[in-house]
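**Q** Here it is, the structure in full.
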Amino acid sequence: QSFKLLGFLDVKSVPCARESVLYGSLGSLVVGLGHFLATSRVRRSCDFAVGGFICTMLGYWFYCRYNLAQHRIRQRMLKEGMRNKILFEGSSLDPERKQTGDERSDS
């Protein structure tokens, strides 16, 4: 069973969605309660809480998605490097293989 936020954001399967909602709700609580303790205005504090939820959720969403993209790029580069290592290992194209005088004359 999946949970869809606002009918379109599937929190279970979309990366970073669950954490964003959780951090957004925590941010909402902190901002709303903080504003209420400072001013004792309930309606205005609820407005600040909604704004805190949106700002915190979107902020963490972009932060998490950026880190996820960086991780996928590093993972792709590592995978390609491992494939090239296996492909070229022991051949004349292996960059780690030291070339002797006989091999240089063949090239």
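The values are calculated or read from the model by the stated rules, or taken from the named source; none is laboratory data. Only a predicted model underlies this, so the values are computations on that prediction, with no experimental measurement involved. Ideal geometry is used to build each Cβ from the backbone, glycine not excepted, and the neighbour counts take in all protein chains shown. Side chains included, ligands, DNA and RNA excluded: accessible areas come from the protein's heavy atoms. Shrake-Rupley method; radii C 1.70, N 1.55, O 1.52, S 1.80 Å.
**Q** At 1.4 Å probe radius, can you tell me the per residue accessible area of region 15-87 in Å²?
**A** 77
**Q** Show me, for region 70-77, the HN-Hα J-couplings you get by feeding each phi into the Karplus relation (A = 6.51, B = -1.76, C = 1.60, θ = phi - 60°), rounded to Hz, glycine and proline as x.
**A** Each residue's phi maps through the Karplus curve to give 4, 5, 5, 5, 4, 5, 5, 5 Hz.
**Q** If you put +1 on each Lys and Arg Cβ and -1 on each Asp and Glu Cβ, how big is the dipole of region 15-87 around its Cα centre, in Debye rounded to 20?
**A** Here region 15-87 has a charge dipole of around 380 debye.
**Q** While we're on this one: Under 15 Å from the Cβ of Val31, count the other residues' Cβ atoms, weight Lys and Arg +1, Asp and Glu -1, and hand me the total.
**A** Residues close to Val31 contribute a combined charge of +2.
**Q** Where the accessible area of region 15-87 is counted over protein heavy atoms with a 1.4 Å probe, how much of it, in %, is carbon and sulfur?
**A** The nonpolar share, carbon plus sulfur, comes to 67 percent.
**Q** Please label the shape of region 15-87 as rounded, prolate or oblate, based on the square roots a ≥ b ≥ c of the eigenvalues of the alpha-carbon gyration tensor (a/c under 1.5 means rounded; beyond that, a/b larger than b/c means prolate, else oblate).
**A** prolate
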